[in-house]
Amino acid sequence: MTPEELIAFEADIAAEYNAGKIRYPVHLSGGNENQLIDIFKNFKKGDWVFSTWRNHWHALLAGIPKEEVKRQIMAGRSMTVSSVEHNFFSSAIVAGCCPIALGVAWALKRQGSENKVWLFLGDMAACTGIAHECRNYAVMHDLPLRIVIEDNGKSVCTYTGVTWGKSQYVMANCDYYHRYVLPWPHAGAGQRIQF
Amino acid sequence: MAACGRWSTNSVLAMNEYYKNLKLAMEMLAQHNAIFIGQAVAYPGTAQSVTFENVPDHQKLEFPVAENAQLGFCTGLAMAGLLPVCVYPRINFMLEALPQLIQHLDKIPLFSEFRPKVIIRTAVATDNPLDPGPQHLNDYSDAIDAMLDTVKVVKLKEAYQILPAYEKALKDDWSTILIEYSEKLLEEKK
């Protein structure tokens, strides 16, 4: 997908939300379309993706048809878009996917697979203990786990740097890291909706 | 019946029968290619360790003491098509795994098409013969059961319950927590 297609998809979801057609929280992606497109150039068929509550672009770039992603969002699953067919899973809980992704990576290695697991984390999630536990285990056991940190500087409304006491406190030696500015609010599309 | 130390012979026999059946249950799961993950699984260390003696080494994975990561790891194994048996020596220790148990393993079938099945094994202790103190002795089985929507909780109070319970857990499409009360046998049959 192109940057323009990704941006247009979220604009469509925003319009549906602002029209009151989605009676569930939505978490729109934005501001890092070019970085994600570059990262997904390394994605191979059969790879797994573990994502966060802000997963729409990850799902699209992992190959889930946009009609299916939209169907799940309209059904109230913006935070938990998933697909067995595409080995794609996301969780609404901060860092909740870390050990699950780790287990899949261990299984792939045991099964002799050449595939990888892509684990997307926000900057606050990357500071959690369980993220570090899983990173350490993956590195020491040489598991095919690739960690991508998307740093927009905060978790929901809490600033990561302020709360942890550093301007940029994230996992050392992660596989991919980028900072970006999210053009959307944490949830919703910027308008107050009267359902 | 003659007494055996501070316990009756009956209670010791019941305890032996209990562990014999646990050992058979682990063998049965191993024959279905289960992978056993936890502490004192691949190495001796707890009362449960002896029950893994007949499980092939390549099916035992000694895991760091990271209970929450351990359960999530097992959920991942299940999502990738394996059959994990997640072992916690005490239910008190399993409290550390509640985020992955309640928010993921239990909820995943409610918000996705994934159906990871994990068999969880844990135990309730007593203060007899050793009193391990208030951080080891609780029975949280009912409280945990009350928080679950899809994962089932099974209490193994007697030896005869063990094999049928594990056979059912193996056949079921959902995850099961099997809770052992072996030490209670000594306490209750004095």
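Within a straight-line Cα-Cα reach of under 25 Å, residue A:154 can be paired with the following lysines, leaving aside sequence neighbours fewer than 8 residues apart in one chain: A:166. Ignoring lysines fewer than eight residues from residue B:107 along the same chain, the ones with Cα atoms less than 17 angstrom from its Cα are B:117, B:152.
Gaussian network model of chain A, Cα springs within a sub-10 Å range: biggest mean-square fluctuation belongs to which of A:98, A:134, A:174? Its mean-square fluctuation being the largest, the pick is A:174. Amide H contacts of residue B:125 (H built 1.01 Å from N, in plane; Pro and chain starts excluded): B:91 sit under 5 Å, all sequence-distant by 5 or more or on other chains.
In this structure, residue B:172 and residue A:178 have a Cβ-Cβ separation that, at R0 = 51 Å, corresponds to a calculated FRET efficiency of about 0.75. DSSP beta bridges confined to the protein assembly as shown are antiparallel in about 10 percent of cases.
What is the gain in length, in nm to one decimal, between residue B:128 and residue B:58 on full extension, counting 0.36 nm per residue of separation less the C-alpha to C-alpha distance?
Length gained between residue B:128 and residue B:58: 21.7 nm.
As a length-normalised measure over Cα pairs under 8 Å and 6 or more apart, the relative contact order of chain A settles at 25 percent. Spread over its residues, the convex hull of the C-alpha atoms of the protein assembly as shown is 148 Å³ per residue. Between the exposed loop cleavage positions of chain A, defined as trypsin sites (Lys or Arg not before Pro) in a non-H, G, I, E, B DSSP state with at most 10 neighbouring beta-carbon atoms within 10 angstrom, the longest gap is A:46-191. Cα centroid distance between the stretch B:17-45 and the stretch B:46-80, in Å? Centre-to-centre (Cα) distance: 10 Å. With both labels modelled 7 Å from their Cα along Cα-to-Cβ, the residue A:1 to residue B:110 distance reads 2.8 nm.
At 222 nm, what value in deg cm²/dmol follows for the protein assembly as shown if DSSP H runs of at least 4 each add -39500 (n - 2.57) and the sum is divided by all its residues, to the nearest 500?
Helices in the protein assembly as shown give a 222 nm mean residue ellipticity of -10500 deg cm²/dmol.
Applying the criteria of a DSSP loop state and at most 13 other Cβ atoms within 10 Å to the chymotrypsin sites (Phe, Trp or Tyr not before Pro) of the stretch B:86-190 yields no site. Placing R0 at 30 angstrom, the Cβ-Cβ distance between residue A:19 and residue A:68 gives a FRET efficiency of 0.90 after rounding to 0.05.
Taking the DSSP beta bridges with both ends in the stretch B:1-157, the antiparallel portion is around 15 percent.
Taking the empirical scaling 2.2 N^0.38 Å for compact globular proteins as reference, the stretch A:57-109 has a Cα radius of gyration ratio of 1.20.
Applying a 4.7 Å Cβ-Cβ cutoff to chain A leaves A:97, A:127, A:157, A:174 as cysteine residues with no disulfide-compatible partner. Inverting the pair-averaged 1/r between distinct Cα atoms of the stretch A:3-179 gives 16.6 Å as its Kirkwood hydrodynamic radius. Using the Cβ-Cβ distance between residue A:187 and residue A:34 with R0 set to 22 Å, the FRET efficiency works out to roughly 0.35. Within the P(r) computed for chain B, what percentage of the Cα pairs occupies the region above 28 Å? The answer is 21 percent, as a whole percent.
So if a site counts as exposed when it's one of the GluC sites (Glu not before Pro), its DSSP state isn't H, G, I, E or B, and it has at most 11 other Cβ atoms within 10 Å, what's the longest stretch of chain B without one? Longest run free of exposed loop sites: B:114-190.
Think of the stretch A:3-179 as a dipole: +1 on every Lys or Arg Cβ, -1 on every Asp or Glu Cβ, centred on the Cα centre; then among A:18, A:129, A:173, A:129 lies furthest on the positive end.
Rule-based calculations on the coordinates, nothing more; no lab input. From a predicted model like this one, the values you see are computed outputs, not experimental measurements. Neighbour counts are summed over all protein chains in view; Cβ atoms, including those assigned to glycine, are modelled from backbone coordinates with ideal geometry.
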